[in-house]
Amino acid sequence: MKLLLDTCVCRGVAATRAPAGHDLRWMGEVPPDPGDEAVLGIASDEGRVLTTLDKEFVELAIVYGTPHCGIIGLVDLPARQQGTYSAVVRDRFADELSCGAILTVTSERVRIRPAD
């Protein structure tokens, strides 16, 4: 799976997922931050699922119809848990993500919004 981690996602997520065979980029290595629309555009252009803590990406996708290849929104997860939750969600919901679903992930549940 091709993934793009937003700058707000712990860099450790990149370190834990790269060896698992994922093609992964972390926007924290591309200063300065180009802004939400540009980040979502990069993910879409490169066919990457975006992982973020930022709710604005979901708004861009749903309200404004900005193209994307799937979004994982991590909500209220400490940095030390982001990697674990991201890995489990990506593995368990790979089919949904490959179709462009938007997943909202908390410590208690995963909400899936299928692609339109």
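The values are calculated or read from the model by the stated rules, or taken from the named source; none is laboratory data. Computed from a predicted model, the values in this text were never measured in an experiment. Cβ sites come from the backbone with ideal geometry, for glycine too, and all protein chains shown count toward neighbours. Side chains are part of the model used for accessible areas, which takes the heavy atoms of the whole protein and leaves out ligands, DNA and RNA. Shrake-Rupley method; radii C 1.70, N 1.55, O 1.52, S 1.80 Å.
A few remarks follow.
- The set of residues in segment 25-37 that are open to solvent by less than 70 Å² (accessible area, probe 1.4 Å) and more than 14 Å from the chain's Cα centre (by Cα) comprises 30, 34, 35.
- When restricted to residues that are modelled with pLDDT of 70 or more and either out of contact with any Phe, Trp or Tyr (no Cβ under 9 Å at 6 or more places or on another chain) or buried (at least 20 other Cβ atoms within 10 Å of the Cβ) (or both), segment 4-20 contains 6.
- Residues satisfying the stated conditions in segment 62-83, i.e. of a type outside the set (Gly, Ala, Ser) and assigned to a loop (DSSP other than H, G, I, E, B): 63, 64, 66, 67, 68, 69, 75, 76, 77, 78
- Any hit, segment 79-95, residues being more than 20 Å from residue 1 (Cβ to Cβ), open to solvent by less than 70 Å² (accessible area, probe 1.4 Å) and touching a strand residue (DSSP E or B) at 6+ places or on another chain (Cβ under 8 Å): no
- Selection of segment 16-41 for residues being in contact with a helix residue (DSSP H, G or I) (Cβ under 9 Å, 6 or more places away or on another chain) and either assigned to a strand (DSSP E or B) or under 13 Å from residue 90 (Cβ atoms) (or both) yields 16, 17, 20, 22, 24, 25, 26.
- Checking each residue in segment 42-55 for being surrounded by 15 or more Cβ atoms within 10 Å (Cβ to Cβ) and either touching a helix residue (DSSP H, G or I) at 6+ places or on another chain (Cβ under 6 Å) or basic (Lys, Arg) (or both) picks out 48, 49, 50, 51.
- Segment 56-78, subset among the β-branched types (Val, Ile, Thr) and crowded, with 17+ Cβ neighbours inside 10 Å, residue modelled with the lowest pLDDT: 58
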